[in-house]
Amino acid sequence: MSAATPPASSQSPATPSPSQDPAQNVSQADRVVLDYLRSRGHSAAEKALLNEIEAGSPDGKGKGAETIAAEELVKTLAVFAHKPSRPGENIFKDSSSVLQELTAMGNPSNIQNLIASIGSVGAEEILSLDPTDKEEGFRELEAWVDGSLDMYRPEFRPMLFPIFCHFYLDLIQHGFKDAALRFFSTFSLSLSKLHSATLHHISTLLLPAHVQNDELAQRFRNEKFSMRMSRSGFGLLVGWLTEGVGGEAFGAGDGFSGEKGKRGRAAVMRVVNNHLRFDVTSSNPSSVSPHAWEESTGLLSSLIPKASGTTTTNFTNPQAFNASKGDIKLGPAPISEELRTEAERVLREQAMVERDPTVQYDFQFSRPVALPGMVMPSEFELLPRPATFKTFDVEREVNNVRDARKRIRLEPSVLANLDVNSPQASAVRARALPSICAYTLHDVAEGSPCCTFAQDTSLMAAGFAESYIRLWSLKGERIQGMRSDFSPSSIKDASSLHKIRDRKGTTTRKLIGHSGPVYSVAFDPVGGSATPPKYLLSASADATARLWSMDTMTNIVAFRGHENPVWDVKWSPMGIYFATASRDRTARLWSTDRISCLRIYAGHLSDVDCVQFHPNSLYLATGSSDWTARLWDIQRGSCVRVFIGHQGTVSSLAISPDGRYLASSGEDLAINVWDIGSGKRIKKMTGHSASVYSLAFSAESSLLVSGGADCTVRCWDVKSAGGLKGKPRENGTMGLANGETTSQNYGEDDNPETTDLMATFPTKRTPITNVQFTSRNLCLVGVNAAFPHSQAQARDQQDLGVQTPPPTAPAPSRDNFRDIQVKVHIRRPERDSWVYMGRGVVTQEVIGHSSRVVVRTMSTGKIMAIFSETSDLQAEKRGNFVVVGCVEGSRVVSWSLNALNNSETLRLLASIELACYRCKQALADPRLHSKGRRRIERVIKDDRRRRHRRRKDQEALIDAFAKQNLSTEMPTNESGPPGE
């Protein structure tokens, strides 16, 4: 080091010496300006002017033109500096050792001082900005996973999805939009089978601002993606990342060290180190079910609730959280001694009348016996209920005994080793499979999202997208309500109540009261199979749940409290209480004698789509769009179990009658069976080719029935081991050592059937909306023939020999327009209510010199609406809704597009107005253009007047019925239908 070199503690050479005033070399005019800025205190402006004067000095004394930026200097040094001992490794890989390495290289201390004043930066951060590294790294990773042994492939595959998402988000965040789109189109196909919804969501993120403001993207950024992996599998992964084992041979390529694959693996390693958390187990990969690896996989830190009473204890896996909650009481609810004694007396009297004295009242017939290890709750732990029982309670218990004696016993285990060609095959199948009775809704133009059956099989109810409910009598009897012209003072006894019934009843009845699509209906279970139901609950998009009387066929109470549409409603097994699930991310507990909710269960990160009570009424299960299911203590309002393992929205739940198992299903086409006591998944059952809509257990809890959008009803053996069906290998063996096989490669089989699938009953083209068991194990199925499923329609066309035309290529979309996800409603001419059409995606397409806005369904891509220059329409913003009125002659068809937030709503409104503005007409004939606009406004205004007139007449009719003060046990706090 030269003697003239200042020590490390001296000032940096970049800082001017105090003895040398830079202002001495400037002109007189510039010096006056500098003095003025200094006197006024504008130091920043003075410094900027001085730097500009020095950089532009003609004598070359200025330092600006010759000085390299500090950050650029570090970048230059970092990329090209290599370790003398290992030429293939960069010397500045660890930014904390920069000064140490520079000292060893003999650099002057002023250079060290310069770099010390700069923030931490290393070669890895600089090289991570190269977009080609991510594409190369993911290609090598995917090839390594697909080329691994069959026993390791199931635990390596879940790793591809988070690395793909992080690579895409990194490219977008750094402004490499074209590289990100190319990366997405190249590698997303292999992942779309399991993660189609998430991949579609992140594909709409095209700008750094989108990534910063998107909730899912920020979860990927801020949370670690948890994965389970065996110790041997983790060792293989580390070996590939560090040494390239299984990758490209060394010395081939143009990387900074002469290895093409090393930089790609370094990009993968950065994601693995920063964003993945591995739960390494000592289990042998061959002894673990292929589906078990995904049970604790995902962004778990926000999905798992925190420990009660603290905000610092976070659980990294659901098993730890479930274990911390201790044991829960899953045994059957006790029956009061008075009710049991009375039921025994009635049974003995019936036995004497029927001359069968051997028949005795047995407790196990009316109530299931607690299984070993299950604790029964006490009466004091149950929800409050009436102190005294009523006549229908005794009838229910007596009828439960009668049904248990006559119930068809379903034994799925007898089909385990059955030869389908044997003479006894049909008789054995009859013992194992239930009888199925299907009810199909025809000519439902707008669709029926839900239906249900009464427990005594006397009534069927269906909710419709046109905001009404329809009842059918399954026994052919007339459904009679009360006349509207009676006087309450004339009702004195049961006979007088019978006289005021409508004499002209029919086998069907319509219930009107909701102002939005009806998504769920449920009959009260108080009477069981002994008596017809007294009440009906319904949930709607108008954010209310309504209670209907089956005696008067009128709406009694409207329960308000949710802020968004209510997706599901379920009764408690004891009646009185019920629960609702809503888009506002909460589930709520209600009582029929109060108009406000009793409990709010909050914790899900997205919509709560379904709810289900435990048979003993102590717990409530919820399923959500955040891919999880939870079990809540009803009275305390706390979460006691969390179930993580689905790869999509959980849309249906069922709890076995013995209280031991929870079955969940959804958009990932899989059915998971969970042990409620431990919170662990018992098995995963696959076979459906579309979303599963409904689940139901048999009375013995040994058989599960499912129905869904693939137009099939499937029966599953709950008690069998399950697993994928084995296929012959080269050595002639079937599957793994434990009888299971690993899952296939991507694209081999979209929906492999597991061995616990007993039977499949397909319909022709009708999706299954509800499956339900009666008390005697008859399976009732509700199907909707309104919208034929695309796969079923294609199958029918092939059966009829119809040639299906090839799909047309979609019009190119604008690069600067991001797809907008919306919820679509429609109001047809001469209709006053909105009809929910489903979730959609709005895109803007360019055709020649014009453009159009297209609304497609999110699931199938079918076009629902097109807005272009040829459309006569008017668009306006109402909150987060864009209402588009399309004029067709003198009629108006209104579309409502509900966007996620206000910014997307404004962007959607602007896109529709720009795409539908008639530029050529406005330029060629402005008069004609303005005349057309006035005509559209006039037609829409006239249509609004007609709707308001009809609504006013309807409100007057409802007010007339509301004035009839019927003496009922339920509150009459109906506040009338909501306005528009």
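Throughout, read-outs are computed from the coordinates displayed, never taken from laboratory work. Computed from a prediction, not measured in an experiment: that's the story for all the values here. Virtual Cβ from ideal backbone geometry, glycine too; neighbours counted across all protein chains shown.
Give me the dipole magnitude in Debye, nearest 20, for region 820-944 about the Cα centre, with unit charges on the beta carbon: positive for Lys and Arg, negative for Asp and Glu. Here region 820-944 has a charge dipole of around 120 debye.
Reported to the nearest whole Å, the Cα centre-to-centre distance from region 189-211 to region 526-582 is 38.
Listed cross-link partners LYS134/LYS262; LYS823/LYS877; LYS193/LYS224; LYS510/LYS534 are compared with a 19 Å cut-off, the Cα-Cα value being larger for LYS193/LYS224. Under 20 Å from a label point set 7 Å out along the Cα-to-Cβ vector of ARG938, the amide N atoms of region 869-892 belong to 871-875, 885-892. For the residue pairs LYS329/LYS680; LYS764/LYS862; LYS680/LYS719, alpha carbon separations beyond 18 Å are given by LYS764/LYS862. Extension gain for ARG31-LYS224 works out to 63.7 nm (0.36 nm per residue, less the C-alpha to C-alpha distance). The gain in end-to-end length when the SER203 to SER283 segment is fully stretched comes to 25.1 nm, 0.36 nm per residue minus the alpha carbon separation.
For region 820-944, the square roots a ≥ b ≥ c of the C-alpha gyration tensor eigenvalues yield an a/c of 1.5 or more together with a/b not exceeding b/c, which makes the shape oblate.
Can you put LEU194, LEU237, LEU206 in order, fewest other beta carbons within 10 Å first? So the residues, fewest neighbours to most, are LEU206, LEU194, LEU237. Extension gain for HIS42-ASP593 works out to 191.2 nm (0.36 nm per residue, less the C-alpha to C-alpha distance). When peptides 688-698, 607-617 are sorted by average Cβ neighbour count within 10 Å, with the highest value leading, the order is 607-617, 688-698. Taking Cβ atoms as reference points and 12 Å as the exclusive limit, the residues near LEU589 contribute a net charge of +4, counting Lys and Arg as +1 and Asp and Glu as -1. Using R0 = 30 Å, the C-beta based FRET efficiency linking ARG951 and SER859 works out to 0.35. Of the cross-linked pairs LYS475/LYS952; LYS390/LYS475; LYS570/LYS683, those separated by over 31 Å at the C-alpha level are LYS475/LYS952.
Legend: calculated FRET efficiency, GLN212 to LYS680, from the Cβ-Cβ distance at R0 = 45 Å, rounded to 0.05, equals 0.75.
Apply the a/c threshold of 1.5 to the C-alpha gyration tensor of region 426-521 and tell me whether it is rounded, prolate or oblate. Verdict is oblate for region 426-521.
Computing FRET efficiency as 1/(1 + (r/R0)^6) for THR316 and ALA602, where r is the C-beta to C-beta distance and R0 is 30 Å, gives about 0.85.
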